[in-house]
Amino acid sequence: MTASNLVETETSDDAVRFVLDGEIRTIRGVDPNTTVLEYLREELRRTGTKEGCAEGDCGACTVVLGELEGERVRFRAINSCIKFVPTLDGKELFTVESLRAPNGALHPVQQAMVDCHGSQCGFCTPGFVMSLFALYKSETEPSRLRIHDMLAGNLCRCTGYRPIVDAAEQMYGRGGDSAGDWLHEPHAGNGQATSSAEAACVERLRSLQRRGTLALSGPALGGGEHRYFAPTTVDDLANLVQSHPNAYILAGGTDIGLWVTKAHRDLETVIYLGNVGELGRVSTTESAIEIGAAVTITDAYDAIGRHFPDFGELFRRFASPPIRNAATLVGNIANGSPIGDSMPALISLGATLRLRAGAGTREVPLEDFYLAYQKTELAEGEFVESVRIPLTPTGRHFHTYKISKRFDQDISAVCGAFAIELDGGTVRNPRICFGGMAAIPKRASQCEAALEGKEWTESTLPDALAALARDYAPIDDMRATAGYRRAVAHNLLRKFFLETSGFEGETRILGRRR
Ligand SMILES: Cc1cc2nc3c(=O)[nH]c(=O)nc-3n(C[C@H](O)[C@H](O)[C@H](O)COP(=O)(O)OP(=O)(O)OC[C@H]3O[C@@H](n4cnc5c(N)ncnc54)[C@H](O)[C@@H]3O)c2cc1C
Ligand code: FES
Ligand code: FES
């Protein structure tokens, strides 16, 4: 699993090119199953980046990626332990070693950590520093709550978080002994590069953007051959998926990465879709939001949350910032897990998928995409191009709720989503969907039937709750018992009723007393 035959070469379509410490690196012969963490520690001997869990949970391996976004560079923290080296192509990588100035002075983020006593054993510290560095490069006055959210993917077992959060607040004022942000100045937030150093960084990244497909191949350590393709157009992606029906389609890798680091699977042929510009777009019209397969959870939830504020809350609860910065919304959908967070909400909002095979496409309602446990409608040679969320009707009431043991970084025991239209107090077109209650994300069709055409009053609830109990036969597992899941589903319907009916101890229908 090591990166063999690493050489500095000229630009080529069968070599990975990315920026590290301001210099373009070209790598040939890398095993595509190699993670960035392995490459950093074992090939480059940059051991500042640590391995804790190797599954995206602890944040010890956090690094920052700089990516072109128009005329500027966007800086985001990611977990290097589940990121494959070839996906660095065209990007700038920052590790904790990148931060110290050439004269040895500390970066303001590091200086603030020293001044606030934000480190004890130090194992988690490089990861915290890199999460703070991403924040420093992206925002100028984050609130304490925002800082907490941005550090949700970093675990520390000895310092305690208060000094680290203090450092986050103080890092912006660090001139003093520190080197200042010698890498580049913080963004002005106007979409323009703000310093000549950043302009140079933009230029470097531009020179790395390729038009054709990156194609790597080489012997796998365990025998056989590894192949990796990163096309840049949807047409090329479609052709590759058809001509390599057994290939793994790689998006953010936050599920697939663990197949390698935890399940020790050998991914022989991988097709990465993250470089396909057309799939990285969000387009919003009056009637719908369409989100391409390469759009991250961070960007997708941001776009959806502008129309459905509950996605903002769900966003804070979805994994951690480094995972959300890598993971895609379509990857969440395509992996077919019954406990993924996005599906109940998307199904209740009537989302559809555009599937593509070769030159042909077809639309499938998301609720029909799941056939059985981890079995989807996707045919051989087919992939998901985008997901479309309708924005009509306007009078719809929508809420989604995630129930898990912890607030941050936890997988749902139950996730419920409810959408109804109210026609003068009468329920129309209810769409209720739960994750964690069946082998697939599944609508509560009997409960919906019990609500359709009924007054949205407390007297409607007993029938609806009884129908909901018939809709699902949940299982006991490590996250929750079947009984707990049933009780939670029941209570979430009640909660939705209370939040949308204005019920205050006497029957009231959305502003209209009875
Ligand atoms: C620490 C950690 C915390 C997590 N927390 C949460 C959480 O709170 N909530 C939650 O819902 N999930 C969570 N996840 C799971 C994971 O992050 C999500 O499922 C994520 O959205 C997957 O997207 P990805 O782009 O990383 O997919 P990948 O790992 O790249 O792919 C996942 C699967 O989808 C397939 N695929 C991807 N894109 C396509 C496409 N366009 N067409 C066809 N197939 C495709 C891949 O082949 C693969 O089978 C967590 C994961 C980790 C490691
Ligand atoms: S090593 Fe724990 S998140 Fe990567
Ligand atoms: S300082 Fe020891 S784990 Fe954080």
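From the list Glu286, Glu278, Glu313, the lone residue that is more than 16 Å from ligand 2 (Cβ to nearest atom), open to solvent by 20 Å² or more (accessible area, probe 1.4 Å) and within 24 Å of Asp408 (Cβ to Cβ) is Glu313.
Would you confirm whether any residue within the range 57-64 is in a loop (DSSP other than H, G, I, E, B) and touching an Asp or Glu at 6+ places or on another chain (Cβ under 7 Å)? Within the range 57-64, one or more residues are in a loop (DSSP other than H, G, I, E, B) and touching an Asp or Glu at 6+ places or on another chain (Cβ under 7 Å).
Taking the stated definitions as given, is Ser320 of a type in the set (Ser, Thr, Tyr), under 10 Å from the mean Cα position of the chain (by Cα) and more than 30 Å from Thr394 (Cα to Cα)? Step through it out loud before you land on a result.
Details: of a type in the set (Ser, Thr, Tyr): yes; under 10 Å from the mean Cα position of the chain (by Cα): yes; more than 30 Å from Thr394 (Cα to Cα): yes.
So Ser320 passes the test.
In this structure, is Ser386 of a type outside the set (Lys, Arg) and touching a Lys or Arg at 6+ places or on another chain (Cβ under 6 Å)? Yes, satisfied. Look at Cys433 and say whether it is touching a Phe, Trp or Tyr at 6+ places or on another chain (Cβ under 9 Å) and in contact (Cβ under 8 Å) with a residue 24 or more places away in the chain. The answer is yes for Cys433. Considering only residues in the range 105-126 that are in contact (Cβ under 8 Å) with a residue 60 or more places away in the chain and polar (S, T, N, Q), the one that is nearest to ligand 2 (Cβ to nearest atom) turns out to be Gln110.
Take Phe123 and decide whether it is in a helix (DSSP H, G or I), modelled with pLDDT of 95 or more and more than 16 Å from ligand 1 (Cβ to nearest atom).
no
Going by the structure shown, is Asp57 assigned by TED's automatic domain parsing to the domain that holds Lys137, open to solvent by 40 Å² or more (accessible area, probe 1.4 Å) and at pLDDT 95 or above? Yes.
If a residue has to be within 16 Å of ligand 3 (Cβ to nearest atom) and surrounded by fewer than 20 Cβ atoms within 10 Å (Cβ to Cβ) to count, how many in the range 97-130 make the cut?
The total comes to 8.
Scan the range 382-411 for residues that are among the hydroxyl-bearing types (Ser, Thr, Tyr) and either assigned to a strand (DSSP E or B) or open to solvent by less than 30 Å² (accessible area, probe 1.4 Å) (or both) and the total you get is 4.
Going through (1) in a helix (DSSP H, G or I); (2) within 16 Å of ligand 2 (Cβ to nearest atom) one by one, Cys156 falls short only on (1). In summary, Leu68 fulfils each of the numbered conditions (1) without any contact (Cβ under 8 Å) to a residue 60 or more places away in the chain; (2) in a strand (DSSP E or B); (3) open to solvent by 20 Å² or more (accessible area, probe 1.4 Å) with the single exception of condition (1).
Given the residues Ile347, Ile339, Ile333, which is the only one that is under 18 Å from Thr400 (Cβ atoms) and touching a Leu at 6+ places or on another chain (Cβ under 6 Å)?
Working: Ile339 fails: touching a Leu at 6+ places or on another chain (Cβ under 6 Å); Ile333 fails: touching a Leu at 6+ places or on another chain (Cβ under 6 Å).
When all the criteria are applied, what remains is Ile347.
Quick grid of which residues meet (1) within 16 Å of ligand 2 (Cβ to nearest atom); (2) open to solvent by 70 Å² or more (accessible area, probe 1.4 Å); (3) part of a strand (DSSP E or B):
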{"position": "Tyr228", "(1), (2), (3)": "no, no, yes"}
{"position": "Thr232", "(1), (2), (3)": "no, no, no"}
{"position": "Asp235", "(1), (2), (3)": "no, yes, no"}
{"position": "Val241", "(1), (2), (3)": "no, no, no"}
{"position": "Asn246", "(1), (2), (3)": "no, yes, no"}
{"position": "Gly252", "(1), (2), (3)": "yes, no, no"}
{"position": "Leu267", "(1), (2), (3)": "no, no, no"}
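Could you tell me whether any residue of the range 143-150 is part of a loop (DSSP other than H, G, I, E, B) and either within 13 Å of ligand 3 (Cβ to nearest atom) or over 26 Å from the mean Cα position of the chain (by Cα) (or both)? No, that holds for no residue.
The values are calculated or read from the model by the stated rules, or taken from the named source; none is laboratory data. The structure presented is a predicted model; accordingly, all values stated were derived computationally and were not measured. Ideal geometry is used to build each Cβ from the backbone, glycine not excepted, and the neighbour counts take in all protein chains shown. Surface accessibility is based on the protein's heavy atoms, side chains included, excluding ligands, DNA and RNA. Shrake-Rupley method; radii C 1.70, N 1.55, O 1.52, S 1.80 Å.
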